[in-house]
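Report on the structure given below.
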Amino acid sequence: MKNRSLMIFLLFFGYVLVYLDKTVIGFALLPISREFNLPPQQLGYITGMFFLAYSLFQIPSGWLNDRFGYKKVLACSLTLLGGFALCFGLLGFGLGLLVTFRFLSGIGHSGYPTSCAKSVVANFALEQRTFAQSILLSSAGLAMTLGPLLAVYCLAHFGWRGSFSTLGLLAFVVAALILFLVPSPPKSSLTTGSHASASYLSLLKNPIVLVLFLANFCVNIPAYGLMAWLPKYLVQQRGFSLEVSGMIVAIGGLGIWISSLSTGWLVGKYLQGREPKVILYGSLLSGICIWLVYASSSMVTTCLFLFLGNIFLMSSFVTTFTLPMKRLPTNVMGGAIGLLNTGGTLGGFVAPIVMGYLITLTHGYHSTFIFLALAMWASGLLMLPLLAKTRLAARDAA
């Protein structure tokens, strides 16, 4: 139990760094755009290319987890993340270099979610997995609660270059701790040869996995779209200071943290078998709240709707992300989570680029919030076939 607690603590801290990297970039785009005089669509490429690499390497990272074990991939992932964060801060002297280093950083990020999920499945019983994984995913809430406040402070005192350099050094430290302190995976959790290939082919033919892939794609469009563009929207469109914008985003992050932990506990204890309903209702309510963030007229209501929107969004995301961990075998879990997370990171690739073009074309953010709300609703409506299947199964059992 002690080893498992230490493992969760270290993986959680590493996850915080992963999410901090994705949170700080939203605030760093403000000084970067001023320094290099970049229009919105080019800023979108800095974020979007990161998620393109993240997406392309999700499934290969999942295979590496299943083949060589989660411990090695965890350490390699954080080492690459740290190295390219340093390069971004120290050597990013033009748009081409900034895009290149964020693309390479996305490769480093790609190994972390799959290896964390693999470690949870390999070390926790079935009934404990949702809560254990939700603890790790709650790191997004911590990163988005403290991240905006830290970002504003670090950008003011160290600049965007110093902020990313510091993040890179911290990633190196956590990578070393994981390498020496996290237990190695049991050999029974590894796959080899033709058996692995056959298992991965079966994943691609599984309709539930494909539906969850699409749902994760849709739910991550508003998740990463807001992460990339919300600070810039609050400063430029709403006229808030950078400090006030950081506080608003931090309150939204608090909603993510609360929802991550509470959803994992509620679904694991009381809503087993009803996960599609959780995703459906959470997505529909989140879409409404995201639109109300734009429609609200005061800082208080903006905070309130962002907080509620993130609670409902995270309830859908956690449930979607953890469902395969209870339905699929351990030896293909890396590949399954890699495939599922590919959908999410593709959403992260599409969102900032589409939003950048929408802002340029419409000279405002009205169309971007419609885009985010519709994507959120689509993630919920994708659950209707699974709900119908659940009702038929219950009718047949009766």
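Using unit Cβ charges (K, R positive; D, E negative) and no other charged atoms, how large, in debye to the nearest 20, is the dipole of the chain about its Cα centre?
Here the size comes out at about 800 debye.
Select from 223, 83, 272 the residue farthest towards the positive end of the dipole of the chain; place +1 on Cβ of Lys and Arg, -1 on Cβ of Asp and Glu, and compute about the Cα centre.
Value: 272.
Report the gain in length on full extension from residue 181 to residue 214: 0.36 nm times residue separation, minus Cα-Cα distance, nm rounded to one decimal.
Length gained between residue 181 and residue 214: 8.3 nm.
By its C-alpha gyration tensor, with a ≥ b ≥ c as the square roots of the eigenvalues, how is the stretch 59-106 shaped: rounded for a/c under 1.5, else prolate for a/b larger than b/c, else oblate?
oblate
Might you work out the accessible area of residue 157 for me, using a 1.4 Å probe with all protein chains in place, and round it to the nearest 10 Å²?
Number for this one is 120 Å².
On alpha carbon coordinates alone, what is the Rg over Rh value for the chain, Rh being the Kirkwood radius?
0.96
State the answer as a single residue: which of 367, 207, 12 lies farthest towards the positive end of the charge dipole of the chain, with beta carbon charges of +1 for Lys and Arg and -1 for Asp and Glu, about the Cα centre.
Of the candidates, 207 comes out farthest on the positive side.
Accessible area per residue for the chain in Å², computed with a 1.4 Å probe and the full protein assembly in place, what is it?
So the chain comes to 39 Å² accessible per residue, rounded to a whole number.
Rounded to the nearest 500 deg cm²/dmol, what is the calculated helix-only ellipticity per residue at 222 nm for the chain, with -39500 (n - 2.57) per DSSP H run of length n ≥ 4?
-30500 deg cm²/dmol
Using the Cα centre as the reference, give the magnitude of the dipole from point charges on the C-beta atoms of the stretch 1-156 (Lys, Arg: +1; Asp, Glu: -1; all else neutral), rounded to the nearest 20 debye.
That gives a dipole near 360 debye.
Mind checking the stretch 77-132 for chymotrypsin sites (Phe, Trp or Tyr not before Pro) that DSSP puts in a loop (not H, G, I, E or B) and that have at most 12 other Cβ atoms within 10 Å?
Within the stretch 77-132, the qualifying chymotrypsin sites (Phe, Trp or Tyr not before Pro) (loop, at most 12 other Cβ atoms within 10 Å) are 93.
Could you work out how far apart the two model spin labels at residue 387 and residue 270 are, taking each label as a point 7 Å from the Cα in the direction of the beta carbon, and quote it in nm?
1.9 nm
Whenever you get a sec, line up 154, 303 from highest to lowest accessible area (probe 1.4 Å, protein heavy atoms).
154, 303
Of all the accessible heavy-atom surface of the chain, with the other protein chains kept in place and a 1.4 Å probe, what percent is carbon and sulfur?
Within the chain, the accessible surface is 73 percent carbon and sulfur.
The values are calculated or read from the model by the stated rules, or taken from the named source; none is laboratory data. All values derive from a computational prediction rather than experimental measurement. FYI the Cβ positions are ideal-geometry reconstructions off the backbone, even for glycines, and counts take in every protein chain you see. In case anyone asks, the SASA skips ligands and DNA or RNA and just uses the protein heavy atoms, side chains included. Shrake-Rupley method; radii C 1.70, N 1.55, O 1.52, S 1.80 Å.
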